[in-house]
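In what follows, a structure is listed as structure tokens, so that the remarks can point back to it.
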Amino acid sequence: MTELGQIEKRILLLLQMDGRMPLSEIARRAEVSEPTVRKKMAAMTESGLLKVAAIVDPACLGYEAAAIIGIDVDRPRIAEVARKLASYPFVDSVSVTTGPWDIMIRAFFETVRDLHDFVFVELGAVEGIRDSQSHLVMRSYKFEGLRGVAGMAETPPFPATD
């Protein structure tokens, strides 16, 4: 999927409001049929645009150290290194960026020692990484992903629940 229509945008907004909303309720509020919702969601899921998942506070799962790490990489190896970093289950996001770092990652570690070992042992062994700079996250004030859909009001312009 490359371009979202109004129906897809409505479905996405409703799911962002409540990821467990029944298809029948999404259909009612988006003013389309349930088969239409099912078809649109299947297409968005298959294309990789939509993934419905629970957002859990890592601290509640025992991760005491969160870090944002900037990584300097040999230019020809950026994609290769990014894929390698994305393979670690404790790495939440991997982004190729402009600025002083070629790649920025956000990762969660059970202990500060695990963060130390990742930065000084694991990253040191990855071909193409020249340097890194770690920032220990002391406290997060927002951790829920992007909300809203470009081109649509934050409050959905369609029927609300009763």
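The values are calculated or read from the model by the stated rules, or taken from the named source; none is laboratory data. Bear in mind the structure is a predicted one, so any value in this text is a computation, not a measurement. All Cβ positions, glycine included, derive from the backbone under ideal geometry; neighbour counts span all protein chains shown. Side chains are part of the model used for accessible areas, which takes the heavy atoms of the whole protein and leaves out ligands, DNA and RNA. Shrake-Rupley method; radii C 1.70, N 1.55, O 1.52, S 1.80 Å.
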Inset, instruction - For every other residue with a beta carbon closer than 14 angstrom to the beta carbon of G5, add +1 if it is Lys or Arg and -1 if Asp or Glu, then tell me the sum. - result: +1
Legend entry - Residue-normalised accessible area of segment 75-144, given per residue in Å² at a 1.4 Å probe: 68
Inset, instruction - Rounded to the nearest 500, what is the 222 nm mean residue ellipticity of the chain from helices alone, with -39500 (n - 2.57) per DSSP H run of 4+ residues and division by all residues? - result: -9000 deg cm²/dmol
Inset, instruction - Would you please classify the overall shape of the chain from the alpha carbon gyration tensor, given that a ≥ b ≥ c denote the square roots of the eigenvalues, rounded means a/c under 1.5, and beyond that prolate means a/b larger than b/c while oblate covers the rest? - result: prolate
Inset, instruction - Compute the FRET efficiency between K51 and M17 as 1/(1 + (r/R0)^6), taking r as their Cβ-Cβ distance and R0 = 22 Å, and round to the nearest 0.05. - result: 0.85
Inset, instruction - Output ³J(HN,Hα) for segment 85-90: one whole-Hz value per residue in order, computed from phi by the Karplus curve 6.51 cos²θ - 1.76 cosθ + 1.60 with θ = phi - 60°, and x for Gly and Pro. - result: 5, 5, 6, 6, x, 8
Inset, instruction - Obtain the nm distance between the two label points defined at F120 and L61 by a simple spin-label model: each point lies 7 Å from its Cα along the Cα-to-C-beta direction. - result: 2.7
Legend entry - FRET E, pair E110, I68, Förster distance 22 Å, beta-carbon r, rounded to 0.05: 0.80
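Taking all protein chains as present, what is the carbon and sulfur share of the accessible area of the chain, in % to the nearest whole number, probe 1.4 Å? Display every interim value, and only then the final one.
Details: 5560 of 10570 Å².
Result for the chain: 53 percent of the exposed heavy-atom area is carbon or sulfur.
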Legend entry - Within the chain, longest stretch clear of exposed trypsin sites (Lys or Arg not before Pro) (DSSP loop, no more than 12 other Cβ within 10 Å): 52-138
Inset, instruction - Pull up all non-local amide H partners of D92: gap of 5 or more, or a different chain, and H-to-H distance under 5 Å with H placed in the peptide plane. - result: R106, A107, F108
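On a 29 Å Cα-Cα criterion, which of the cross-link pairs K51/K142; K9/K142; K9/K84; K51/K84 come out too long?
Among K51/K142; K9/K142; K9/K84; K51/K84, the Cα-Cα distance tops 29 Å for K9/K84.
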Inset, instruction - Please list M138, M104, M41 in order of solvent-accessible area, largest first, computed with a 1.4 Å probe with all protein chains present. - result: M138, M104, M41
Legend entry - Helix 6-17 vs. the chain, principal-axis angle (Cα, 0 to 90°, nearest 10): 60
